[in-house]
Amino acid sequence: MPQVGIIMGSDSDLKVMSAAAKFLEEFGIGYEMVIISAHRDPAALTEWASTAVSRGIKVIIAGAGMAAALPGMCAALSVLPVIGVPLSGKNLQGMDAVFSIMQMPPGVPVATVAIDGAKNAAILAAKILATADSALMAKLEQFTADQKAQVAEKNARLQEVGYERY
Ligand code: RP5
């Protein structure tokens, strides 16, 4: 049963957004993934976002580039938490999308991750789901501990071999 809805404005967004799907798969979190454009097909977006709750979706991850209306419109059309992923790849390297997605009016929040930060969007979605899922919380605690161990390993190697041989 999908708990996360991953939506993007174009197939040109897919390469970056696939990092979100990959993380959710690693964590055993069901998701659906769709390409729907807010500007090119607003009716399809309205249908998808306004029925997300009834499909069992709990968090929406929305990636878009350029004018990037998609995350904001998902937040307008659904009460679900929306995580926006500003995408680069066009002329302004994602600065256009990041400002668009961040600047939501009061009352309609979108949590915005870094430009092309699809993996972090999935981690944040997992953290939201984990507040009501203790098994998932335990997996995230392990994930955090693993990351910490990796940094310690890197530092130990640096101390051992020095920066030139690292
Ligand atoms: C946005 O416009 C999409 O999210 C995409 O990042 C960008 C350009 O889309 P394409 O022209 O590549 O289809 O709506």
Selection status of Ile36, touching a helix residue (DSSP H, G or I) at 6+ places or on another chain (Cβ under 6 Å) and within 30 Å of Ala138 (Cβ to Cβ): no
What are the pairs with Cβ atoms under 6 angstrom where one residue, in the stretch 87-99, is under 16 Å from Ser10 (Cβ atoms) and the other, located anywhere, is among the charged types (D, E, K, R)? Sequence gap at least six, or different chains. Leu87/Asp13; Ser88/Asp116
Take the residues in the stretch 64-92 that are open to solvent by 20 Å² or more (accessible area, probe 1.4 Å) and not aliphatic (A, V, I, L, M), then tell me which one is farthest from Ala118 (Cα to Cα). Asn91
Pick from the stretch 34-61, criterion within 14 Å of the ligand (Cβ to nearest atom) and surrounded by 15 or more Cβ atoms within 10 Å (Cβ to Cβ), ranking: nearest to the chain's Cα centre (by Cα): Ile61
What's the number of the only condition in (1) touching a Ser or Thr at 6+ places or on another chain (Cβ under 9 Å); (2) within 26 Å of Lys15 (Cα to Cα) that Met137 fails to meet? (2)
Testing Met66 on (1) in contact with a Ser or Thr (Cβ under 7 Å, 6 or more places away or on another chain); (2) modelled with pLDDT of 95 or more; (3) within 12 Å of the ligand (Cβ to nearest atom), one condition comes back false. Which one is that? (1)
Among Ala114, Ala75, the single one that is modelled with pLDDT of 95 or more and over 10 Å from the mean Cα position of the chain (by Cα) is Ala75
Single residue of the stretch 99-109 satisfying the filter (at negative phi and either surrounded by fewer than 22 Cβ atoms within 10 Å (Cβ to Cβ) or in a loop (DSSP other than H, G, I, E, B) (or both)) that is farthest from the ligand (Cβ to nearest atom): Pro106
List pairs: first in the stretch 137-157 and modelled with pLDDT of 95 or more, second open to solvent by 100 Å² or more (accessible area, probe 1.4 Å), Cβ under 8 Å, 6+ apart or cross-chain? Met137/Thr131; Leu140/Lys127; Arg157/Tyr166
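The values are calculated or read from the model by the stated rules, or taken from the named source; none is laboratory data. Since the structure is predicted, the reported quantities are computational estimates derived from the model, not experimental observations. Note that we place each Cβ from the backbone using ideal geometry, even for glycine, and neighbour counts take in every protein chain shown. In case anyone asks, the SASA skips ligands and DNA or RNA and just uses the protein heavy atoms, side chains included. Shrake-Rupley method; radii C 1.70, N 1.55, O 1.52, S 1.80 Å.
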